[in-house]
1. From the list ILE106, ILE113, which residue is in contact with an Asp or Glu (Cβ under 9 Å, 6 or more places away or on another chain) and either over 26 Å from GLU17 (Cβ atoms) or in the same structural domain as LYS146 (by TED's automatic domain parsing) (or both)?
2. Taking the residues in region 46-81 that are of a type outside the set (Asp, Glu) and touching a Pro at 6+ places or on another chain (Cβ under 7 Å) as candidates, determine which candidate is nearest to TRP100 (Cα to Cα).
3. Mind checking which residues of region 1-28 are over 24 Å from LYS79 (Cα atoms), part of a helix (DSSP H, G or I) and either touching a residue at least 60 places away in the same chain (Cβ under 8 Å) or within 15 Å of the chain's Cα centre (by Cα) (or both)?
4. Against the conditions (1) closer than 26 Å to ARG124 by Cβ; (2) buried (at least 23 other Cβ atoms within 10 Å of the Cβ), where does ARG97 fall short? Just the number, please.
5. Restricting to region 42-53, and then to whatever is out of contact with any helix residue (DSSP H, G or I) (no Cβ under 6 Å at 6 or more places or on another chain) and among the hydrophobic types (A, V, I, L, M, F, W, C), can you tell me which residue is surrounded by the fewest Cβ atoms within 10 Å (Cβ to Cβ)?
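The values are calculated or read from the model by the stated rules, or taken from the named source; none is laboratory data. Every value quoted in this text rests on a predicted model; they were computed, and no experiment measured them. Ideal geometry is used to build each Cβ from the backbone, glycine not excepted, and the neighbour counts take in all protein chains shown.
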Amino acid sequence: MSDPIPLTKDVVAKALERAEHYRLLNEPAQAESICRDIVAVDPANEQAWVYLLLSLTDQFPEDMSHAYDEANAALENIKDPYKNVYYQGIIYERWGRAHWLQRRGIQAVQSWINKAMQCYSKARELAPAGDPDPTLRWNTCARLKKKLAKSATDVRPMAKRDMGSEYDEVPQRR
């Protein structure tokens with residue numbers, strides 16, 4: 001078995017750029033790996049923990065088995081109170097969206113989105129002046145809740161279909 005080759009501290013800044021690059025290319029597993037290399041050599045690097053958390057949440061729709069717990073473990077390393085509560089909101093929001101994509105029930109999705117909105121409300125109180133991020137995320141969640149409420153009540157009657165003609169079947173005569 002091959003073990004990863006450790007990074008040196010002098011390449012951490014360049015590696016962080018790569019992690020962001022791979023997240024933007026929608027390659028979260030690659031970004032996750034890079035972040036794990038960074039925190040192995042620089043465990044106090046809060047930006048690497050943020051990117052690790054985000055790369056894990058990017059994987060929620062495909063990997064709902066371990067990514068949630070690992071994202072929360074990464075969150076424990078984000079010491080800034082504002083960033084901590086803001087990224088907790090990100091975890092909840094993305095977890096809720098993953099549940100929605102997996103069609104796991106609107107009530108569960110709404111519960112996770114409500115938790116996210118509570119975090120964003122608290123983050124707004126802690127945010128540095130001029131930081132719109134928690135407000136923007138809160139608004140996105142509010143719009144998602146409206147969409148969820150509409151989809152829960154938007155039941156369309158099934159169209160009447162002639163299955164026989166769709167499959168070129170000739171009705172049987174008696």
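1. On the way: ILE106 fails: in contact with an Asp or Glu (Cβ under 9 Å, 6 or more places away or on another chain).
Only one candidate qualifies: ILE113.
2. Of region 46-81, the ones of a type outside the set (Asp, Glu) are 47-57, 59-61, 64-68, 71-75, 77-79, 81.
Applying the additional criterion that residues be touching a Pro at 6+ places or on another chain (Cβ under 7 Å) yields 55, 59.
Details: SER55: 19, GLN59: 14 Å.
Going through the qualifying residues, I end up with GLN59.
3. Listed by number, the list holds a single entry, LEU24.
4. Unmet condition: (2).
5. Looking at residues that are out of contact with any helix residue (DSSP H, G or I) (no Cβ under 6 Å at 6 or more places or on another chain) and among the hydrophobic types (A, V, I, L, M, F, W, C), I get ALA44.
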